[in-house]
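Trainee: Below you'll find the structure I mean.
The values are calculated or read from the model by the stated rules, or taken from the named source; none is laboratory data. Here the structure is a predicted model, which is why all the values come from computation and not from measurement. Glycine gets a Cβ as well: all are built from the backbone with ideal geometry, and neighbour counts include every protein chain shown. What goes into the accessible areas is simple: the full protein's heavy atoms, side chains included, and nothing from ligands, DNA or RNA. Shrake-Rupley method; radii C 1.70, N 1.55, O 1.52, S 1.80 Å.
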Amino acid sequence: MRAGFPDFRLGSVLATSFTGTLSERHGTAVERIPAPHRLVDWLAVNGLAVDSCTTAQLDLARELRESIHAAATAAAIQEALPASAVQVINDCSAQGRAAAILTAEGKRHWRLSSASCVEDALSVIAADAISIIAGERDGRLALCASPTCQAAFFDTSQSRTRKWCDMNTCGNRQKKARFNANQRKSPRSAE
């Protein structure tokens, strides 16, 4: 992993983890894939290693990311899916050449060939987005309760009441703010 960039926010759901490569969308945005080589890094961390990435491929990846975010957000708040986002997701899904492989543990793993390119990896991400937005997986789409984040995430908790896209960032930040506010309100005991 190359130093000098914000850490990746990794999740268990590929598509929503990918949308997390741009965080704090309603605050001071943090771009986690600002350069083509950084997208190569993210894909490798997520089991979709490719050798290289062009600026045009990075632009396509960002377009897919924003389309997934728009469609997932609409699905989470039960609005109509944006037609342009659906088109981008479908186009990316149809472009790729990847194979679903069953592991010995009974899990699905995606395999790209040695000749695979960024478009092949993006097709896997698009296919994952389709499965969660279409409601084919056990869980629900939700939006982060942080007013500066509002990232779409896939809630697989037993109660389906998760509030934060990531407890280690947004959740802790909100809990810390609430604790500090309570500390200011409470009179200090006299010593």
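Trainee: What residue, of ARG97, ARG111, ARG178, ARG173, is farther than 24 Å from ILE33 by Cβ, without any contact (Cβ under 8 Å) to a residue 40 or more places away in the chain and of a type in the set (Lys, Arg)?
Mentor: ARG178
Trainee: Filter the stretch 37-70 for residues that are in contact with a helix residue (DSSP H, G or I) (Cβ under 7 Å, 6 or more places away or on another chain) and of a type in the set (D, E, K, R); which is nearest to GLY11 (Cα to Cα)?
Mentor: Selected residue: ARG65.
Trainee: Kindly establish whether ALA74 is small (Gly, Ala, Ser) and modelled with pLDDT of 95 or more.
Mentor: Yes: the conditions hold for ALA74.
Trainee: Okay, next question. In the stretch 83-100, what residues are at pLDDT 95 or above and either small (Gly, Ala, Ser) or exposed (fewer than 13 other Cβ atoms within 10 Å of the Cβ) (or both)?
Mentor: Correct list: ALA83, SER84, ALA85, GLN87.
This table checks each residue for (1) within 22 Å of LEU141 (Cα to Cα); (2) part of a loop (DSSP other than H, G, I, E, B); (3) open to solvent by less than 40 Å² (accessible area, probe 1.4 Å); (4) modelled with pLDDT of 95 or more.
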{"site": "GLY4", "(1), (2), (3), (4)": "no, yes, no, no"}
{"site": "GLY11", "(1), (2), (3), (4)": "yes, yes, no, no"}
{"site": "ALA15", "(1), (2), (3), (4)": "yes, no, yes, no"}
{"site": "VAL40", "(1), (2), (3), (4)": "no, no, yes, yes"}
{"site": "ALA44", "(1), (2), (3), (4)": "no, no, no, no"}
{"site": "ALA49", "(1), (2), (3), (4)": "no, yes, no, no"}
{"site": "GLN57", "(1), (2), (3), (4)": "no, no, yes, yes"}
{"site": "GLU66", "(1), (2), (3), (4)": "yes, no, no, yes"}
{"site": "LEU81", "(1), (2), (3), (4)": "yes, yes, no, yes"}
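Trainee: Which of (1) charged (D, E, K, R); (2) within 30 Å of ALA71 (Cβ to Cβ); (3) open to solvent by 40 Å² or more (accessible area, probe 1.4 Å) is the odd one out, the single condition ARG178 does not satisfy?
Mentor: ARG178 satisfies every listed condition except (2).
Trainee: Could I ask something else about it? Enumerate the pairs (first residue in the stretch 34-53 and within 20 Å of ARG97 (Cβ to Cβ); second residue anywhere and open to solvent by less than 50 Å² (accessible area, probe 1.4 Å) and polar (S, T, N, Q)) with beta-carbon separation below 6 Å, excluding pairs fewer than 6 apart on the same chain, so at least 6 apart or on different chains.
Mentor: VAL50/SER116
Trainee: In the stretch 152-167, what residues are assigned to a loop (DSSP other than H, G, I, E, B) and open to solvent by 70 Å² or more (accessible area, probe 1.4 Å)?
Mentor: Matches in the stretch 152-167: THR156, GLN158, SER159, THR161, ARG162, LYS163.
Trainee: Can you tell me how many residues in the stretch 114-134 are without any contact (Cβ under 8 Å) to a residue 60 or more places away in the chain and not polar (S, T, N, Q)?
Mentor: 4
Trainee: Give the stretch 105-151 a look and list any residue that's open to solvent by less than 50 Å² (accessible area, probe 1.4 Å), of a type in the set (Asp, Glu) and out of contact with any Gly (no Cβ under 7 Å at 6 or more places or on another chain), or say none.
Mentor: ASP128
Trainee: For the stretch 150-171, give me each residue that is at pLDDT 85 or above and of a type in the set (A, V, I, L, M, F, W, C).
Mentor: Those that are at pLDDT 85 or above and of a type in the set (A, V, I, L, M, F, W, C): ALA152, PHE153, PHE154.
Trainee: Same structure, new question: Does VAL13 fit the bill of being hydrophobic (A, V, I, L, M, F, W, C), out of contact with any helix residue (DSSP H, G or I) (no Cβ under 9 Å at 6 or more places or on another chain), touching a residue at least 24 places away in the same chain (Cβ under 8 Å) and closer than 16 Å to CYS165 by Cβ?
Mentor: No.
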